[in-house]
Amino acid sequence: MSGELLPLEGVRICDFSIVWAGASATMYLADMGAECIKVENPYIWNPMTRAASPRLTAQTAAMLPAWISGHPGGEPQPRPWNNSSAFIHIQRNKTSFTVDSRRPEGLKIVQDLIRSCDILAENLPFGTLDRLGLDDAAIRALRPDIIILHVPAFGRTGDYVQARGYGSAMDAVAGGTILRGYPETSPLGNAAMVPSDFAAGMHGAAAVLAALRHRRRTGEGQLIEMAQVESAVQMFPQAALDAAWNGRSHGTIGNRSLEAFVPNGVFATRGGDEWIAISCRSDEEWAALVRYMGTPAWALAPGLEAAAGRAAAEAEIERHLSEWTATLERMPLFHALQAAGVTAGPVMTAQDAAEDPHLAVTGAWTRLPATEDYPEIDWALPPYRFSKSDVTLRTPPARFGEHNEYVYREVLGLTEAEYAALRAAGHVTTSYEPDTIANA
Amino acid sequence: MLADLGARVIKVERPGGDVARRLGPWLGDEPGVERSGTYQFLNTNKESVVIDLKAPGAREVVARLVGLADLVVSSFPPAVSDRLGLSYEWFEATKPIPVLEMTNFGSNGPYRDYQLSDTVLYAMGAEMWSLGAADREPIKIGGTAALLQCGAMGAVAALGAITAYERHGVGQLVELSLFDVQINSVDRRSSAILAYRFCGRVNARPRQSGAGLVGGVVACADGYLEVNASAGNYWRRFVAMVGDPALADAKFASPVAALDPAVKGEAERIITPWLLSHTRAEIWEKARREHAIVAPLFAGKDLFEDAVFRERGLWTEVEHATLGRFPMLGRPYILEKTPWRIRKPAPMLGEHTRSVLTEVGLSTPDIDALYAGGVVA
């Protein structure tokens, strides 16, 4: 069955994408069956692309937040680039080979690869590919019907082209960061997060799928420019339109609802640092909540049966709800509220999610065998489940240079002697160069 | 997303309209079934056909619409699909095209019939637990971003399904659960889960924001900035941006400089006054010159008024038959040959009911009878 009826069977990607935004766009395309060949340079450490640092040790990893520095057994070495919790899973279904594209013989390899590719994807700092001699015209000279996906941070035109940043910078400019935080405090306490990486990956994959369809019908490739910041704006349309239409700027509303649901929030439950989210999306849900709580007197105050009345008493309702939830266990409360017709759910830690009974029976995970870089564990399957096409995790996350032999010998057709010469010149490896590691 | 890329999308609305029509913001702050910003944003380029799916005979009307289609997208809870008789098996028997079913929690498992809001979805599926202050409740992402992310994932799944249909001739069921979308989120959730599996660590809400001598959200003269000035290149660029030679001292460049309160305090006495005496625009301009990882926090008004974004096309306008011209968010991507384009604004409720029913071969008396019977509106 493997590989059967894949949407992008026979489509090849030359993948220069880094970090999360570009790399997740190509991950979705690889899930759909594209052969995604990562071009990796052993002489360049791209920050936040394969690990927090190539020198990460058990001690320094422990000082960083878990998501960015979780490595098997807490021990990143000897190859942190092959087992970072932040990045290794984004390499699923992909192929990795190494080449120093800044040297002439390396550039020729990349050019030969581009000739065989349907898509070139990149989100490198603005101008990087041009400096390699791979501007759009040069790429199209190699492969006239290619689809080029550029994911610049702030665009390829205008005054912001040189602005740099990770997803958190794009989220700030896109208007997302200022909406986060507690209602009575400024956004100063906000932890950095990167929803714009998530949006950009999905928007980028959608744009490429649309461009591929146009190419199937006309034979014509095209350029796609997706500024990550502009893709991110699409996550916050209500705030943007309220400003454009009514001159209003939104600030932080904590966990309250933009959709006028009252109550809508996160409340402490019994136990340490355990919480339940509750949303009453309608007057019926409120009535169901009141019934489930045992019809307490405070909830029967006149006016609360309608959303407008509840909005006027929102803080008071939240205070009463907090007192009530504080006496209850979150998981039984979650199930009981849902059964009673109230939208509610526990705030789940990563451990809760990993051990969640629903995800365990709905096929969210698949176990992959151990490699020399990571143990046998469960990995997330893509969220979309196709009933006929084999769109799933088909090949394990690509480790650095894992497919050198395949790409050089089979894809590019080099002889054993040519391959050996490139290996001797340092292009072909499964490790970053020592100086690169030392200076990263 | 599909309609804005050129697909003809026929939206089947319930009598009274999609729930989104009751969500703000409102054009001119005036609520109304055609004035919802949420609805206008989500439904550009679509056609609206109102069908009461619970009415006898409704399914025959739906079957005719399916006959026109290359793809079906539904977002019914599983129990509602069953009750309405609009299961994948029925669609497949009607026409073997791809069907994308978007559900809260999937079509089986203990949470199958549970309800979601943006907040509950973010609490369960995403990294809410690690967002906010250590001594406070976890905090959500802004707006309804979690739900909109699920929509974007749905567009990718739909395009994959259409591609398989066109290339291989297979229709199929594609299931997408909102919970799964967030569990897979590259906004730290998929990484946090993997970190737990690798080494048992769990992301926690931070005791303080930022890292290093300066980082995270900081204040400046007229608002806030997001800053990454971690040791190494990013610190050097930050120092170049500030331009005070005193900051170039080697004692500030150490990766552990922030662990020494005296050193941290000394750096703050230089950095904080500088930030507070410069505006977001001034600082961002200097940051761009030095490639410093510093960006302003924009609000909606900043985005709307920003000359660079306007010039690039972040905004567009639509011309509505009854509401006149108004601004709309523009394209998420620039496609050279097949541009994203708003051909028409979001449809009015039931605007296309009669024309589409005529197109699928119903006679005028038949259509009148469906209206009279309350099957369509």
- Task: From B:Leu275, B:Leu357, B:Leu329, B:Leu370, grab the single residue that is touching a residue at least 24 places away in the same chain (Cβ under 8 Å), in contact with a strand residue (DSSP E or B) (Cβ under 8 Å, 6 or more places away or on another chain) and more than 30 Å from B:Tyr39 (Cα to Cα).
- Result: B:Leu275
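If you scan the stretch B:124-136, which residues turn out to be part of a loop (DSSP other than H, G, I, E, B), more than 7 Å from chain A (Cβ to nearest Cβ) and either surrounded by fewer than 18 Cβ atoms within 10 Å (Cβ to Cβ) or not hydrophobic (A, V, I, L, M, F, W, C) (or both)?
B:Gly132, B:Ala134, B:Asp135, listed by residue number.
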- Item | Residue list for the stretch A:275-304, restricted to those being without any contact (Cβ under 8 Å) to a residue 24 or more places away in the chain and either hydrophobic (A, V, I, L, M, F, W, C) or more than 21 Å from A:Ala336 (Cα to Cα) (or both) | A:Ala287, A:Val290, A:Ala297, A:Trp298, A:Ala299, A:Leu300, A:Ala301, A:Pro302, A:Gly303, A:Leu304
- Query: Can you pull out the residues in the stretch A:329-368 that are more than 19 Å from A:Arg270 (Cβ to Cβ), of a type outside the set (Gly, Ala, Ser), free of Cβ contacts under 8 Å to residues at least 24 places away in the same chain and not in a helix (DSSP H, G or I)?
  - Reply: A:Glu355, A:Asp356, A:Thr362, A:Trp365, A:Arg367
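Out of the residues in the stretch B:260-271 meeting the condition of being of a type outside the set (A, V, I, L, M) and touching a residue at least 24 places away in the same chain (Cβ under 8 Å), tell me which one is nearest to the other protein chains (Cβ to nearest Cβ). Can you show your working first?
Keep residues of the stretch B:260-271 that are of a type outside the set (A, V, I, L, M), which gives B:260-261, B:264-266, B:268-269.
Those still in the list that are touching a residue at least 24 places away in the same chain (Cβ under 8 Å) too: B:264, B:268.
Values: B:Lys264: 16, B:Glu268: 14 Å.
My answer is B:Glu268.
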- So which residues in the stretch B:137-151 are buried (at least 24 other Cβ atoms within 10 Å of the Cβ), facing chain A (nearest Cβ under 7 Å) and either in a helix (DSSP H, G or I) or among the aromatic types (Phe, Trp, Tyr) (or both), if there are any at all? B:Ala145, B:Gln149
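This table checks each residue for (1) more than 11 Å from chain A (Cβ to nearest Cβ); (2) out of contact with any Asp or Glu (no Cβ under 7 Å at 6 or more places or on another chain); (3) farther than 30 Å from A:Leu212 by Cα.
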{"residue": "B:Leu297", "(1), (2), (3)": "no, no, yes"}
{"residue": "B:His320", "(1), (2), (3)": "yes, yes, yes"}
{"residue": "B:Gly324", "(1), (2), (3)": "yes, yes, yes"}
{"residue": "B:Met328", "(1), (2), (3)": "no, no, no"}
{"residue": "B:Arg331", "(1), (2), (3)": "no, yes, no"}
{"residue": "B:Lys344", "(1), (2), (3)": "yes, yes, no"}
{"residue": "B:Thr353", "(1), (2), (3)": "yes, yes, yes"}
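Do we find that B:Ala93 is out of contact with any helix residue (DSSP H, G or I) (no Cβ under 7 Å at 6 or more places or on another chain) and either at positive phi or touching a residue at least 12 places away in the same chain (Cβ under 8 Å) (or both) in this structure? Write out each step before concluding.
On the way: out of contact with any helix residue (DSSP H, G or I) (no Cβ under 7 Å at 6 or more places or on another chain): yes; either at positive phi or touching a residue at least 12 places away in the same chain (Cβ under 8 Å) (or both): no.
No.
Residues checked against (1) within 25 Å of A:Val233 (Cα to Cα); (2) within 14 Å of chain A (Cβ to nearest Cβ); (3) touching a Gly at 6+ places or on another chain (Cβ under 8 Å):
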{"position": "B:Met1", "(1), (2), (3)": "yes, yes, yes"}
{"position": "B:Gly6", "(1), (2), (3)": "yes, yes, no"}
{"position": "B:Val19", "(1), (2), (3)": "yes, yes, no"}
{"position": "B:Pro25", "(1), (2), (3)": "yes, yes, yes"}
{"position": "B:Ser48", "(1), (2), (3)": "no, no, yes"}
{"position": "B:Gly57", "(1), (2), (3)": "no, no, yes"}
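Looking only at helices (runs of 4 or more DSSP H) that lie completely in the stretch A:123-238, which have at least 3 residues being facing another protein chain (nearest Cβ under 7 Å) and out of contact with any helix residue (DSSP H, G or I) (no Cβ under 6 Å at 6 or more places or on another chain)?
Numbers: elements: A:128-131, A:136-142, A:167-173, A:195-218, A:228-233.
The qualifying helices (runs of 4 or more DSSP H) are A:167-173, A:195-218.
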- How many of the residues making up the stretch A:40-54 are buried (at least 22 other Cβ atoms within 10 Å of the Cβ) and closer than 25 Å to A:Arg12 by Cα? 2
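Quick check on the stretch A:273-281. Is at least one of its residues more than 7 Å from chain B (Cβ to nearest Cβ) and surrounded by fewer than 24 Cβ atoms within 10 Å (Cβ to Cβ)? Walk me through it before giving the result.
In the first step, residues of the stretch A:273-281 are kept if they are more than 7 Å from chain B (Cβ to nearest Cβ); the result is A:273-274, A:276, A:278, A:280.
Now narrow it down to the ones that are surrounded by fewer than 24 Cβ atoms within 10 Å (Cβ to Cβ): A:273-274.
The answer is yes; a qualifying residue exists.
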- Message: Quick check on the stretch B:252-262. Is at least one of its residues polar (S, T, N, Q), under 24 Å from A:Ile178 (Cβ atoms) and not in a helix (DSSP H, G or I)?
- Response: no
- Inside the stretch B:152-169, can you point out the residues that are aliphatic (A, V, I, L, M) and either more than 7 Å from every other protein chain (Cβ to nearest Cβ) or in contact (Cβ under 8 Å) with a residue 24 or more places away in the chain (or both)? B:Ala152, B:Met153, B:Ala155, B:Ala157, B:Ala158, B:Leu159, B:Ala161, B:Ile162, B:Ala164
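Return yes when B:Ile97 is under 28 Å from A:Gly175 (Cβ atoms) and of a type outside the set (Asp, Glu) and no when it is not. Spell out how you get there, then give the answer.
Numbers: under 28 Å from A:Gly175 (Cβ atoms): no; of a type outside the set (Asp, Glu): yes.
No, not satisfied.
B:Ala246: surrounded by fewer than 14 Cβ atoms within 10 Å (Cβ to Cβ), modelled with pLDDT of 95 or more and assigned to a helix (DSSP H, G or I), yes or no?
On the way: surrounded by fewer than 14 Cβ atoms within 10 Å (Cβ to Cβ): yes; modelled with pLDDT of 95 or more: yes; assigned to a helix (DSSP H, G or I): yes.
Yes.
Within the stretch A:131-175, restricting attention to residues that are closer than 30 Å to B:Leu297 by Cα and acidic (Asp, Glu), which residue is surrounded by the most Cβ atoms within 10 Å (Cβ to Cβ)? Please lay out each step first, then the result.
Let us first name the residues in the stretch A:131-175 that are closer than 30 Å to B:Leu297 by Cα, namely A:149-175.
Narrowing the set further to residues that are acidic (Asp, Glu) leaves A:159, A:171.
Working: A:Asp159: 15, A:Asp171: 35.
The selected residue is A:Asp171.
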- Just need a number here: residues in the stretch A:244-272 that are without any contact (Cβ under 8 Å) to a residue 12 or more places away in the chain and more than 8 Å from chain B (Cβ to nearest Cβ). 1
- Is there a residue in the stretch A:59-81 that is within 12 Å of another protein chain (Cβ to nearest Cβ) and among the acidic types (Asp, Glu)? yes
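Here are some residues: B:Ser81, B:Ser87. Which one is among the small types (Gly, Ala, Ser), farther than 15 Å from B:Val12 by Cβ, more than 12 Å from chain A (Cβ to nearest Cβ) and surrounded by 18 or more Cβ atoms within 10 Å (Cβ to Cβ)?
Details: B:Ser81 fails: farther than 15 Å from B:Val12 by Cβ.
After applying the criteria, what remains is B:Ser87.
Here is a list: B:Leu329, B:Leu335. Which entry is in contact with a helix residue (DSSP H, G or I) (Cβ under 7 Å, 6 or more places away or on another chain) and over 14 Å from B:Asn45 (Cα atoms)?
Values: B:Leu329 fails: over 14 Å from B:Asn45 (Cα atoms).
Unique residue meeting the criteria: B:Leu335.
I'd like to check something: does the stretch B:63-75 contain any residue that is over 27 Å from A:Arg180 (Cα atoms) and either free of Cβ contacts under 8 Å to residues at least 12 places away in the same chain or facing another protein chain (nearest Cβ under 8 Å) (or both)?
Initially, the stretch B:63-75 is screened for residues over 27 Å from A:Arg180 (Cα atoms), giving B:63-75.
Retained after the next criterion (residues that are either free of Cβ contacts under 8 Å to residues at least 12 places away in the same chain or facing another protein chain (nearest Cβ under 8 Å) (or both)): none.
Scanning the stretch B:63-75, I find no residue that is over 27 Å from A:Arg180 (Cα atoms) and either free of Cβ contacts under 8 Å to residues at least 12 places away in the same chain or facing another protein chain (nearest Cβ under 8 Å) (or both), so the answer is no.
Which of the strands (runs of 3 or more DSSP E) contained wholly in the stretch B:31-123 include at least 1 residues that are in contact with a Cys (Cβ under 9 Å, 6 or more places away or on another chain) and more than 17 Å from B:Ala3 (Cα to Cα)? Before the answer, list the steps.
On the way: elements: B:46-50, B:72-74, B:99-103.
The qualifying strands (runs of 3 or more DSSP E) are B:99-103.
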- Query: Would the stretch B:216-223 turn up any residue that is over 22 Å from A:Leu179 (Cα atoms) and not β-branched (Val, Ile, Thr)?
  - Reply: no
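Give the residues of the stretch B:109-119 that are surrounded by fewer than 19 Cβ atoms within 10 Å (Cβ to Cβ), in contact (Cβ under 8 Å) with a residue 12 or more places away in the chain and within 7 Å of chain A (Cβ to nearest Cβ), sorted by residue number. First the steps, then the outcome.
In the first step, residues of the stretch B:109-119 are kept if they are surrounded by fewer than 19 Cβ atoms within 10 Å (Cβ to Cβ); the result is B:110, B:112-113.
Right, trim to in contact (Cβ under 8 Å) with a residue 12 or more places away in the chain and you get B:112-113.
Passing the criteria: none in range.
The values are calculated or read from the model by the stated rules, or taken from the named source; none is laboratory data. None of the values given here were measured: they were computed from a predicted structure. Using ideal geometry, Cβ is built from the backbone for each residue, glycine included, and neighbour counts are taken over all protein chains shown.
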